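Beneath this line is the structure, given in structure tokens, with notes to follow.
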Amino acid sequence: MKTRQPTNMIYIAILRGINVSGSKKLPMAELRLLLSDIGLEKVQSYIQSGNVVFASNEKDQTKLGNQISEAIKKQYDYDVPVLVKTIAEWKIAMANNPFTDKDISKQAITFLATTPTVTDFEIDSKDDEFKIINSEVYLYCPNGFGRSKLTNNLFERKLKTQATTRNWKTINKLLEMAEAL
């Protein structure tokens, strides 16, 4: 009797804080090789800010994120939080967007490592808006993200969890890449 090999799942991983302002430099070619070396398959990256799609037979996303983070720590000696999502979770996050009536180029999603117990808090964010749904914070920043007070650091401090933000162009591209694997 043949033993059936586990079916590989396709995942999207987003890394926090690499290649930003010259710190935590990690070329994507090196990251792809590193992830392949730890057993991930079909590894592809998108732009320089730590966006990766891959296949794995590991079903525990937290374990995958920790494996990636530990491999980076061992190779480069810095900590990089890693969030790993399935295609289904990514699509749900996209579908939950509460700002569909607003300019998509002024929007982003801050992905959280855990679902926060707090779902709202006060901050003088001028015209910027945010809405917390499940483990995502949906952002609408009509004057641009560079001027916004709605940052990863703010959400990490207020919600007591790790956070990393992606704009909709990147969100859509990562889904496209993952579905093509």
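Observations
- Enumeration of residues in segment 154-181 that are touching a Lys or Arg at 6+ places or on another chain (Cβ under 8 Å) and of a type in the set (Asp, Glu): none
- Asn66 meets the conditions (1) in contact (Cβ under 8 Å) with a residue 40 or more places away in the chain; (2) farther than 22 Å from Glu176 by Cα in every case but one. The failed one is (1).
- Segment 39-52 residues that are at negative phi, paired with ones that are of a type in the set (Phe, Trp, Tyr) (beta carbon under 8 Å, 6 or more apart): Leu40/Phe54; Glu41/Phe54; Val43/Phe54; Gln44/Phe54; Val52/Tyr46
- Condition met for Gln48 (touching a helix residue (DSSP H, G or I) at 6+ places or on another chain (Cβ under 7 Å) and either open to solvent by 90 Å² or more (accessible area, probe 1.4 Å) or aliphatic (A, V, I, L, M) (or both)): yes
- Single match in Lys102, Lys59, Lys63 (criterion: charged (D, E, K, R), closer than 22 Å to Asn134 by Cα, surrounded by fewer than 17 Cβ atoms within 10 Å (Cβ to Cβ) and touching a Phe, Trp or Tyr at 6+ places or on another chain (Cβ under 9 Å)): Lys102
- Residue in segment 125-145 that is farther than 28 Å from Thr7 by Cβ, aliphatic (A, V, I, L, M) and open to solvent by 20 Å² or more (accessible area, probe 1.4 Å) present: yes
- Selection count where residues are assigned to a loop (DSSP other than H, G, I, E, B) and open to solvent by less than 50 Å² (accessible area, probe 1.4 Å), scope segment 78-95: 3
- Qualifying positions in segment 5-57 - assigned to a strand (DSSP E or B) and at pLDDT below 90: Val20, Ser23
- So Ile72, is it open to solvent by 50 Å² or more (accessible area, probe 1.4 Å) and of a type in the set (Val, Ile, Thr): no
The rows are residues; the columns are (1) of a type in the set (Ser, Thr, Tyr); (2) assigned to a strand (DSSP E or B); (3) within 26 Å of Lys24 (Cβ to Cβ).
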{"residue": "Gln75", "(1), (2), (3)": "no, no, yes"}
{"residue": "Pro98", "(1), (2), (3)": "no, no, no"}
{"residue": "Pro142", "(1), (2), (3)": "no, no, no"}
{"residue": "Leu154", "(1), (2), (3)": "no, no, yes"}
{"residue": "Arg166", "(1), (2), (3)": "no, yes, yes"}
{"residue": "Lys173", "(1), (2), (3)": "no, no, yes"}
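- Within segment 107-139, the residues that satisfy the criterion of being free of Cβ contacts under 8 Å to residues at least 60 places away in the same chain, of a type in the set (A, V, I, L, M, F, W, C), over 22 Å from Ser69 (Cα atoms) and not in a loop (DSSP other than H, G, I, E, B) are Phe130, Ile132, Ile133, Val137, Leu139.
The values are calculated or read from the model by the stated rules, or taken from the named source; none is laboratory data. Keep in mind that what you see is a predicted model, and the values were worked out from it rather than measured. Quick reminder, even Gly has a Cβ in these numbers, built from the backbone with ideal geometry, and neighbours come from all protein chains shown. Only protein heavy atoms, including side chains, enter the accessible area calculation; ligands, DNA and RNA are left aside. Shrake-Rupley method; radii C 1.70, N 1.55, O 1.52, S 1.80 Å.
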